[in-house]
Amino acid sequence: MNSALVSLRGVGIRFGPTPVLTGIDIDLAHGEAIGITGPNGAGKSTLLNVISTLLTPTEGSLALFGGPVRRRDLPQVRKRIGMSGHEPGLYPELTLLENLVLVERLTGDVHISAMQVLEVVGLAGAADRRASEASAGMQRRTDLARLIMTRPELILLDEAHAGLDSSARDIVDRLIHRTCDAGGGAVVVSHDRSVLERSLESIVEVRAGELS
């Protein structure tokens, strides 16, 4: 059994006849964070969706938490993964606080309350603002707050630093480091390599669907 947190071997994705990813090999150890960079359209987000189990590889294999990903295990596997995508996953009609209270109710297992985590991300004063009326930066901070609350073993961040000020970027970096220090891991996607170099030692580049 592979002891890696994440292991991809020869992973490929095709949408119809079009190859999007080809021959991807990646290992992520416990306590490690890896950055994935490359130009827009290179396949970075698709790769993250494979790791999150939202996409099934057309070829090759994916193992998570030391074992193969089987359909019957998906609910339990996904509980151990936290993902922040291009668009924050908030309900627009709910306030920022209500969005996080909903996380509390759905998971039943959080490490910090919704109001406390809003203070951590600097949004205590905006708790009653509807998500639809919040700035993009506020929405991103709230989405990060969700991961701080639930403390998943594996965090997957897609352009999580984009559009954030320096204090919010520090929140992202602390989340990555805390997850790794607890024995988990992180996969961080950014088209801006300099953003990744600021806090990560291991960086790979995707070009035209292949690691380069």
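The values are calculated or read from the model by the stated rules, or taken from the named source; none is laboratory data. All values reported here derive from a predicted model rather than from experimental measurement. Because the Cβ atoms are built from the backbone with ideal geometry, glycine has one as well, and the counts that use them run over all protein chains shown. Remember, those area values only see protein heavy atoms, side chains included, never the ligands or the DNA or RNA. Shrake-Rupley method; radii C 1.70, N 1.55, O 1.52, S 1.80 Å.
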* If you go through segment 77-115 one residue at a time, how many are assigned to a loop (DSSP other than H, G, I, E, B) and either among the β-branched types (Val, Ile, Thr) or modelled with pLDDT under 90 (or both)? -> 10
* Kindly establish whether Ser61 is in contact (Cβ under 8 Å) with a residue 40 or more places away in the chain, touching a Lys or Arg at 6+ places or on another chain (Cβ under 7 Å), surrounded by fewer than 16 Cβ atoms within 10 Å (Cβ to Cβ) and small (Gly, Ala, Ser). => yes
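From the list Val172, Val188, Val206, Val195, pick out the single residue that is over 21 Å from Leu8 (Cα atoms) and open to solvent by less than 10 Å² (accessible area, probe 1.4 Å).
On the way: Val188 fails: over 21 Å from Leu8 (Cα atoms); Val206 fails: over 21 Å from Leu8 (Cα atoms); Val195 fails: open to solvent by less than 10 Å² (accessible area, probe 1.4 Å).
Exactly one of Val172, Val188, Val206, Val195 is over 21 Å from Leu8 (Cα atoms) and open to solvent by less than 10 Å² (accessible area, probe 1.4 Å), namely Val172.
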* **Leu118 vs. criteria closer than 21 Å to Arg141 by Cβ and assigned to a loop (DSSP other than H, G, I, E, B)** => no
* So which residues in segment 125-149 are open to solvent by 40 Å² or more (accessible area, probe 1.4 Å), in a helix (DSSP H, G or I) and touching a helix residue (DSSP H, G or I) at 6+ places or on another chain (Cβ under 8 Å)? -> Met138, Gln139, Arg146
* Of residues in segment 65-115 being out of contact with any helix residue (DSSP H, G or I) (no Cβ under 9 Å at 6 or more places or on another chain) and more than 24 Å from Val6 (Cα to Cα), the one surrounded by the fewest Cβ atoms within 10 Å (Cβ to Cβ) -> Gly108
* Breaking point among (1) crowded, with 21+ Cβ neighbours inside 10 Å; (2) assigned to a helix (DSSP H, G or I), for Leu156 -> (2)
